[in-house]
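Worksheet: one structure, shown below.
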């Protein structure tokens, strides 16, 4: 998957899951470090988003057949890998003879990498009195990380948003010990948990519905150190995974104070939680009242059996709340998570068979309601891949933090079938198609009754030479239809131009709405030694917010923006990055939309 394809998957995920958020979590920071070529796993390669399932299998088969790699240049000899694939993945890999590996802690600190990141910014939108904010306009993030290969990691983050009164409103940290004997991983501090195919628990990032051959496949490490600045969607405690032979056992215990809205019930004014909050903003008196108002405990784990052909896992977790969770009395909330204790359990599997990759999960909740996801991926031909997926999730089924393959990413109240194919008849021509149909038998937030829906999409990519590519995409989601043309040109080794035109149509019983967006982007790399510049100018006009158009924006490292363009106007930004000889990176972004906004960031390696 190229960077352009990845950006499009992110934009597609924003639209098809109907997410209102404009800022993605720092999902790529998990892959900032490099992997030793002889220790990197298939899961880690998949998490980079740069390789297909077939390319990863070819990598692992090459290492199994010919033994450990002796140089990064050996990547060129992997069957099915060409120069473009090697160029994509080689920045994330390194090679060092095993004889140089010294595991002592002192040597780990000497050979490991230390990094400090500081980010600050501001906006002319600041109106503290009108908005009722109690703090000043300053915002900043400070982050320190240390890593020695996969054996030892630690880091901490301090962050404050504009309008918040606390100088260290959010604090997070972790310590990770890697593979040591039976211990595969041990984490103390903050971490995220991703189980199965996301039916019972998934706190990390996952691609939404699209034509990518792996878009329906959830694959990530069970425990991931919490490296971003999300203030609520993580665990705080201890997690450990051990492995002996083909059996692996994992367990975590967590207790975290999280943001929630408190109300009272009955004449006795019994306190209850009506909703869990995720913004992490504590700027006004009302937001401060919700800050860390709920103590949420969790305990869970997984037992997994691994085989050369795949794996089978049993997952379970229990959540408990200091105050009962009772959501607003609406018909769509009737089957929501509630009470002081909630648990879920599941069995997930993935098997590579002669008939293709089979994977899925079956889950149950505290009330005995169930959900199931089953998928099949097959490389019918080196030029043709096919995916077929089926999901049936009971209207009564519910889980607290999910991110599965469904219409909006949540588990429950949906039955559907998904088919996608990727066809590459020639190295210059690439086709992606998908169709998804679903039914929701119980009323949801947006529909007061049974909902029948679906989506389909066709994308054609043409790459006549190494310096030019074009993408055409047609896509329909419900009553909304979208067309996009995206062109990338490289007139020189250091210059890249990107041009996009996109139109969206929304037809309802009462009216028809239209949205249009066009942008031109200029990217200059190493214009002056170490200096990279990006500039984009966007024009847009939409009938309303319903025909908004998302467009991925380049930003400072670790910050990712996918703003929604609606109404009529322009948006522009300039992004600059300068690398000094000692490894220090200076980055800055200035953007202009309805208001001006700026961001400055310094990344300083200490070793």
In the range 77-88, the residues that are surrounded by 13 or more Cβ atoms within 10 Å (Cβ to Cβ) and assigned to a helix (DSSP H, G or I): 85, 86, 88
Hits in the range 348-384 (condition: over 30 Å from residue 425 (Cα atoms), assigned to a loop (DSSP other than H, G, I, E, B) and touching a strand residue (DSSP E or B) at 6+ places or on another chain (Cβ under 8 Å)): 366
Scope the range 219-233; condition closer than 30 Å to residue 434 by Cα and surrounded by 23 or more Cβ atoms within 10 Å (Cβ to Cβ); matching residues: 222
Number of the condition not met by residue 586 [criteria: (1) closer than 27 Å to residue 228 by Cβ; (2) buried (at least 17 other Cβ atoms within 10 Å of the Cβ); (3) touching a residue at least 24 places away in the same chain (Cβ under 8 Å)]: (3)
Among residues of the range 555-595, those that are assigned to a loop (DSSP other than H, G, I, E, B) and either at pLDDT 90 or above or touching a helix residue (DSSP H, G or I) at 6+ places or on another chain (Cβ under 7 Å) (or both), counted: 8
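Answer with yes or no whether residue 295 is within 23 Å of the chain's Cα centre (by Cα), closer than 29 Å to residue 185 by Cα, surrounded by fewer than 16 Cβ atoms within 10 Å (Cβ to Cβ) and touching a residue at least 24 places away in the same chain (Cβ under 8 Å). Spell out the reasoning first.
Details: within 23 Å of the chain's Cα centre (by Cα): no; closer than 29 Å to residue 185 by Cα: yes; surrounded by fewer than 16 Cβ atoms within 10 Å (Cβ to Cβ): yes; touching a residue at least 24 places away in the same chain (Cβ under 8 Å): yes.
No.
Provide a single number: the residues in the range 322-333 that are in a loop (DSSP other than H, G, I, E, B) and surrounded by 14 or more Cβ atoms within 10 Å (Cβ to Cβ). Break it down into steps so the answer makes sense when it comes.
Filtering the range 322-333 for residues in a loop (DSSP other than H, G, I, E, B) gives 326-330.
The next check asks that each one be surrounded by 14 or more Cβ atoms within 10 Å (Cβ to Cβ); those that pass are 326-327.
Residues meeting the conditions: 2.
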Index of the failed condition, residue 400 passing every other in (1) within 22 Å of residue 473 (Cα to Cα); (2) touching a residue at least 60 places away in the same chain (Cβ under 8 Å); (3) surrounded by fewer than 22 Cβ atoms within 10 Å (Cβ to Cβ): (1)
Residue check, residue 302 at pLDDT 90 or above and part of a strand (DSSP E or B): yes
Among residues of the range 498-510, those that are surrounded by fewer than 16 Cβ atoms within 10 Å (Cβ to Cβ) and under 29 Å from residue 467 (Cα atoms), counted: 2
Candidate set: the range 48-72, residues that are out of contact with any helix residue (DSSP H, G or I) (no Cβ under 9 Å at 6 or more places or on another chain) and assigned to a helix (DSSP H, G or I); chosen: the one modelled with the lowest pLDDT: 54
Residue ranges of strands (runs of 3 or more DSSP E) in the range 157-248 with at least 2 members closer than 30 Å to residue 321 by Cβ, within 16 Å of the chain's Cα centre (by Cα) and at pLDDT 85 or above: 183-193, 223-225
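Being under 30 Å from residue 271 (Cα atoms) and free of Cβ contacts under 8 Å to residues at least 60 places away in the same chain: is that true of residue 381 here? Reasoning before the result, please.
Details: under 30 Å from residue 271 (Cα atoms): no; free of Cβ contacts under 8 Å to residues at least 60 places away in the same chain: yes.
Spelling it out, it is not the case that residue 381 is under 30 Å from residue 271 (Cα atoms) and free of Cβ contacts under 8 Å to residues at least 60 places away in the same chain.
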So residue 319, is it free of Cβ contacts under 8 Å to residues at least 60 places away in the same chain and assigned to a strand (DSSP E or B): no
Odd one out for residue 478 among (1) surrounded by 18 or more Cβ atoms within 10 Å (Cβ to Cβ); (2) touching a residue at least 24 places away in the same chain (Cβ under 8 Å): (1)
Residue list for the range 592-607, restricted to those being surrounded by 16 or more Cβ atoms within 10 Å (Cβ to Cβ) and within 18 Å of residue 161 (Cα to Cα): 597, 598, 599, 600, 601
Flag for residue 337 being surrounded by 14 or more Cβ atoms within 10 Å (Cβ to Cβ), part of a strand (DSSP E or B) and either at pLDDT 90 or above or in contact with a strand residue (DSSP E or B) (Cβ under 9 Å, 6 or more places away or on another chain) (or both): no
Failed criterion for residue 361 (all others in (1) over 26 Å from residue 435 (Cβ atoms); (2) crowded, with 17+ Cβ neighbours inside 10 Å; (3) under 27 Å from the mean Cα position of the chain (by Cα) hold): (1)
Pairs with Cβ under 7 Å, 6+ apart, first in the range 71-84 and closer than 14 Å to residue 60 by Cβ, second modelled with pLDDT of 85 or more and part of a loop (DSSP other than H, G, I, E, B): 75/81
Residue match in the range 266-283 (condition: in contact with a strand residue (DSSP E or B) (Cβ under 8 Å, 6 or more places away or on another chain) and at positive phi): yes
Top-ranked residue of the range 249-264 - restricted to ones that are within 22 Å of residue 327 (Cα to Cα) and touching a residue at least 40 places away in the same chain (Cβ under 8 Å), ranked as farthest from the chain's Cα centre (by Cα): 262
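The values are calculated or read from the model by the stated rules, or taken from the named source; none is laboratory data. Predicted model only: the values in this text are computed from it and were never measured. Counting neighbours? That spans all protein chains shown, and the Cβs are built from the backbone with ideal geometry, glycine included.
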